[in-house]
Each structure stands twice: as C-alpha cells, then as structure tokens.
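Visitor: I'd like to ask some things about the structure below.
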Amino acid sequence: MSTKKSLLIIFVLIVGLGLITHWQFLSFKKSLTEIGPPEIKIPEPKLELPSQESKEHKEFISPDGKLKLEYPDNWMEMGQGFLEKFNQEAVQLNEAKILLFVFQFKLEKAALSFLTVQELNLKKVDEIIEGMKKDTEEKGGEMEIVKIETENENAYFEAKYKRENSDSHSKERIIITGESSYLVSVFSPEKDWQATIDEADSILNSIQIVQ
C-alpha cells in the first residue's frame with residue numbers, strides 16, 4: 001500500500017472516531033440520545049494537507065446576520081448531507097440547530113480539532129450550561145467547567161468532558177442577543193488540546209455581535 005493511501009486511511013479513521021466521540025456537543029436534551037447518529041459522510045480530504053497554521057481566514061455570518069466570526073481557511077467543512085440530516089431531527093425535537101461544523105487535522109502533530117456554531121432555543125446562560133451538564137451525565141460522562149466569565153447574558157468558558165473511553169477539552173462562548181442565542185465551541189480530544197488552544201482563542205476572540 002502506498003504512503004499516500006495509508007495516510008488517507010489513517011486520516012479518515014481519526015476523523016470518524018473524533019466525530020462519534022464528540023457527538024455530545026451536538027445536543028442538550030435526553031430525547032436526542034434516543035435517535036441514532038445520522039449517517040456521516042466525511043468530505044473527501046485533499047492529500048496536500050497543510051502542515052502549518054494558515055494565515056488566511058474564512059468568515060462565518062449567522063443567517064440572521066447578528067453573529068460573525070473568523071476561522072482559518074484550512075479548516076474543512078462537514079458535508080451538507082450531515083448537517084441536513086442532523087438538523088431535520090433537531091427541528092422535530094425542538095433542539096439546537098447546527099449552523100457551522102468544521103474541523104482540522106494537523107498531520108504533522110496528528111491532532112484533530114473541531115469548531116461548531118449552534119443556534120439554541122434556550123435564552124439563559126445558566127439553563128444552557130445546566131442542560132449541557134445534564135446531557136453529558138445522562139450519557140455516562142462528566143462535564144467540568146474549568147473557568148467561566150460572564151457578562152450580561154453572555155458567557156466565555158473552558159470545559160473538560162470525561163467519558164469512559166475518551167476525554168475532551170473545549171473553549172466555548174454563549175452569545176445571547178435579542179431573540180437569538182448561540183453556542184460557539186472549539187474542542188478537541190484532550191491529547192490534542194495544546195495544539196488547538198491558540199486557534200480556539202483566536203476564533204472565539206474574533207466573534208462580533210451585530211446589533
């Protein structure tokens with residue numbers, strides 16, 4: 001088997017494992033755990049994966065135009081079929097809706113990172129965080145808030161998620177503006193966190209609220 005084919009197989013396996021491990025980030029209520037994960041179609045990766053941090057950025061704007069952020073342009077988007085499948089089920093259950101799901105695999109460090117933007121149906125910071133903790137516990141895990149800063153109805157926090165077979169780390173922001181509320185999360189397996197933290201800070205600090 002050629003080196004390129006071997007790298008491609010390893011990449012797909014790591015991404016698939018990471019997506020399954022971090023399914024907990026995609027819902028808040030127990031009812032969502034009763035439906036199986038949607039079929040995940042991994043986008044075809046390019047073999048010439050970048051080995052260094054990108055200096056260029058993409059801009060994400062929420063559908064209502066109230067939330068903006070930037071992320072490195074070498075992060076790859078999940079297939080549209082994945083988002084459509086999940087969001088169809090989320091709407092039926094009155095759950096969070098995923099607006100953006102991108103990931104990065106640093107080949108030279110074998111490090112995997114994720115960025116999600118979700119539109120929420122809850123409008124209070126404490127309710128959102130309690131919902132996240134409860135959902136994690138119901139799935140047999142534990143959510144630990146490492147640090148949190150709140151201002152008005154917004155929050156910036158760092159968290160650790162412990163489960164039987166995997167640990168993960170995140171930095172997240174809850175944004176509540178008018179009738180809209182969002183959760184922006186940058187997360188990775190615990191072993192990859194040091195390779196993710198700088199970009200997590202940069203992405204979350206780029207968030208702008210448009211009144």
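The values are calculated or read from the model by the stated rules, or taken from the named source; none is laboratory data. Here the structure is a predicted model, which is why all the values come from computation and not from measurement. Glycine also receives a Cβ, built like all others from the backbone with ideal geometry; neighbour counts cover every protein chain displayed.
Visitor: When the residues of segment 138-157 are narrowed to those that are modelled with pLDDT of 90 or more and among the charged types (D, E, K, R), which ends up nearest to SER180 (Cα to Cα)?
Guide: GLU149
Visitor: I would also like to ask the following. Please go through segment 120-145 and give me each residue that is aliphatic (A, V, I, L, M) and under 17 Å from the mean Cα position of the chain (by Cα), ordered by number.
Guide: LEU120, ILE128, ILE129, MET132, MET143, ILE145
Visitor: Another question, if that's okay. Among the residues of segment 94-125, write down those that are in a strand (DSSP E or B) and hydrophobic (A, V, I, L, M, F, W, C). Spell out the reasoning first.
Guide: So in segment 94-125, the residues in a strand (DSSP E or B) come out as 97-106, 111-119.
ILE98, LEU99, LEU100, PHE101, VAL102, PHE103, PHE105, ALA111, LEU112, PHE114, LEU115, VAL117, listed by residue number.
Visitor: Report whether or not LEU122 is in contact (Cβ under 8 Å) with a residue 40 or more places away in the chain, touching a Gly at 6+ places or on another chain (Cβ under 7 Å) and closer than 29 Å to ASP64 by Cβ.
Guide: Yes, satisfied.
Visitor: Further question: Any residue at all in segment 155-166 that's over 30 Å from GLY65 (Cβ atoms) and crowded, with 21+ Cβ neighbours inside 10 Å?
Guide: Within segment 155-166, one or more residues are over 30 Å from GLY65 (Cβ atoms) and crowded, with 21+ Cβ neighbours inside 10 Å.
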